[in-house]
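Undergrad: Got a structure here, written out as structure tokens. Questions coming.
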Amino acid sequence: MNSRIPGRPISTPSPLVGSSLDEGAFSERGLLERNSGSVMLRSSMPTPPKSKHEGEIEKVKVYARIRPALRDDETPGALVWSEDDGQLTIFRPEAPVPQSDFVFDKVLGPGASQADVYAAAVSDVVADVLRGYNGTILAYGQTGAGKTYTLGNTAPDAIGMIPRAAAELFSAAARDALHMYRITMSYIQIYMEMIQDLLNPAADNLPIREDAGGVFVAGACEVQVTSLEECLHYLELGEQNRVFAFTHLNAHSSRSHAVVMLTAVKSRKYLNNEERAQAEAPDQDGVVTQRVTVGKLYMVDLAGSERLKKSKSVGLRATEARSINLSLTMLGMCISARAQDSPHVPFRDSKLTRLLQESLGGNAKTSLILCLSDVRQHADESLQSLQFGARASRVCNKPVVNERLQMRQLTAELLAALEEGNERTNGLEQALSQTKEERDALQAALARERARTAAIVDALRAEAQAKDEQAAAKLAEQAELLSEHVQQLGQVQQQQGQLELEVAKLRAEQHVREEFHRKEVAELQQRLAELHAAAAAERRAMEAEARSQHARLTAAAQQQTAALSSQLAQERAAAREHAASIHLALTRLQRALGELVSMPPSVEDGGGGSSGGGNASGSHARSYAE
Ligand code: ADP
Ligand code: MG
């Protein structure tokens, strides 16, 4: 391909220079290759992978991202979804399908921000890459559905997944005090079954190879990046080369698959020189062996999945479309074969599937982002994307940590290669500085790019800062709440103390009162006993008094009775005497009467009367005598 490199020249850092990390620890035997006149890094390591961790089966995660309607002629309403449970239904009233309901790991609607998409679909994969796993992020969907926006957007207000993932790799590496990281980057595209290196456009038909370390693009430039800014620079450079290549061919970027690969090689930091010397001691062959973990992150912006018939392509477009269709069709077939656990998966039938072999049912954690639009006119394409996603969600991977024994042998050959590479870089730089205008143009482009990069970095930093501030505010709120609680607890404890004091006081008072009452009761009881005793004594005295009075009264009564009796006897005697006197008188009277009776009657009536009268006087005298 007749191409030149716009922007900054590719300065391909060798693994032994220009790194803030300990480059020596990362250089490997067989890592350097000569390729088209410059030193190239191979993306794979020659030593066999050694896994400490048994891989666990893990499903390919599928996320549906629905972009907002962008133009007036787009009629929304093709999709109905629920973000919480990942359900999504497609409506095609003109051609209903039996299976129109789908369930994915998450649905991200038009309101979802890039940060939301990152948190849902990418963040965990990046964390795993730092732990030594392979990770893949795929964006699938028809042209215009938002794949490039989602992955590669660099507008500061909507930064895509690739810059975010790079930023996270660098910030996580900076946070990890126990390890050192070497982060490298490759950027390729597959266009009409040819692999082009977007960091070195001269390499425009690279082969895919496989060794014990996995599948790799042989000869693809792998640049070491030590900062987010540097990474953004290479992304920008690759993007410019992509545009240039397509302009040159009168083609369009939606016709190719673009793959950004970030590799994080992690090794232990040594606490002191002694520890380092021990770990890096060469064996008898002079070879230094070191354990490292290697995590590779593939981020793939797939070509548009629209159908050839619909795009009405002819000529080159038709060839393009056929090759895109071929690789996407093969991708679909491989996914179907994997999902059905088929013994044969046709990975080798296209470059794309060959490259993604590990990501689809192999050693990788994979997130597929289905880019969709809720537009009725695109319902067919959306349905096709949804069906693709549904098949992919049945694919299972078995990721393992890529732990390798890394060997280092600084041979003269290696150093010579390095020297040669440096010389070539210098030559390139000299050639570039030949014309002043060209250099000025380059500098201006560089300044523009720097400004752009700085804007992205600033935006990401601002986002991170906002997140930190939010977290700090939340922490402060929690701390305030905690201090409030502590204060409240203190108050409660104080109140409790006071209450306890009061209770103690009340108890003491109660005790005193009880004592007092007890004494009072004792006194009262004593007094009562005394009173009882006094009452008893009084009662006894009264009883004695009563008895003596009774005796006195009895004696008086007896006296009186005796007096009365004697009086009665006297009176009886007097009465008897009187009766006797009366009797005597009567007797005298009777005698007188008898004498009278014996004398002759002188008066007649006196005769009769005297006999009667004699009787009467006689009975009268008897009754008196009686
Ligand atoms: P693709 O790469 O799938 O062909 P693009 O990413 O180029 O699609 O997106 C097409 C258009 O839609 C672009 O103008 C892009 O800015 C816009 N777009 C895509 N997704 C979104 C989104 N979530 N929010 C706002 N605009 C979007
Ligand atoms: Mg695109």
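The values are calculated or read from the model by the stated rules, or taken from the named source; none is laboratory data. Predicted model only: the values in this text are computed from it and were never measured. Please note: Cβ atoms are built from the backbone with ideal geometry, for glycine as well, and neighbour counts cover all protein chains shown. These area figures cover heavy atoms from the full protein model, side chains too; ligands, DNA and RNA do not enter into them. Shrake-Rupley method; radii C 1.70, N 1.55, O 1.52, S 1.80 Å.
Undergrad: Filter region 260-289 down to residues that are open to solvent by less than 30 Å² (accessible area, probe 1.4 Å) and either modelled with pLDDT under 70 or within 16 Å of ligand 1 (Cβ to nearest atom) (or both), then give me how many there are.
TA: Qualifying residue count, region 260-289: 3.
Undergrad: I'm checking my understanding of the structure. Among residues of region 152-189 that are within 16 Å of ligand 2 (Cβ to nearest atom) and not aliphatic (A, V, I, L, M), which one is nearest to Val129 (Cα to Cα)?
TA: Pro163
Undergrad: Taking Val243 as meeting all but one of (1) in contact (Cβ under 8 Å) with a residue 12 or more places away in the chain; (2) open to solvent by 50 Å² or more (accessible area, probe 1.4 Å); (3) hydrophobic (A, V, I, L, M, F, W, C); (4) under 24 Å from Ala459 (Cβ atoms), write down the number of the exception.
TA: (1)
Undergrad: State whether the residues of region 136-151 include one that is at negative phi, more than 16 Å from ligand 2 (Cβ to nearest atom) and of a type outside the set (Asp, Glu).
TA: Taking every residue of region 136-151 in turn, at least one turns out to be at negative phi, more than 16 Å from ligand 2 (Cβ to nearest atom) and of a type outside the set (Asp, Glu).
Undergrad: Ala592: open to solvent by less than 50 Å² (accessible area, probe 1.4 Å) and modelled with pLDDT of 85 or more, yes or no?
TA: Spelling it out, it is not the case that Ala592 is open to solvent by less than 50 Å² (accessible area, probe 1.4 Å) and modelled with pLDDT of 85 or more.
Undergrad: While we're here: Collect the residues in region 62-81 that are open to solvent by less than 70 Å² (accessible area, probe 1.4 Å) and modelled with pLDDT of 90 or more, keeping them in residue-number order.
TA: If the condition is that a residue be open to solvent by less than 70 Å² (accessible area, probe 1.4 Å) and modelled with pLDDT of 90 or more, then Val62, Tyr63, Ala64, Arg65, Ile66, Arg67, Pro68, Ala78, Leu79 are the ones that fit.
Undergrad: If you don't mind, another one. For region 216-234, state whether one or more residues are open to solvent by less than 40 Å² (accessible area, probe 1.4 Å) and modelled with pLDDT under 80.
TA: No, region 216-234 contains no residue that is open to solvent by less than 40 Å² (accessible area, probe 1.4 Å) and modelled with pLDDT under 80.
Undergrad: Pick out, from region 109-177, the helices (runs of 4 or more DSSP H) lying fully within it that include 3 or more residues that are open to solvent by 30 Å² or more (accessible area, probe 1.4 Å) and away from ligand 1 (no atom under 16 Å from the Cβ).
TA: In region 109-177, the matching helices (runs of 4 or more DSSP H) lie at 123-130, 161-175.
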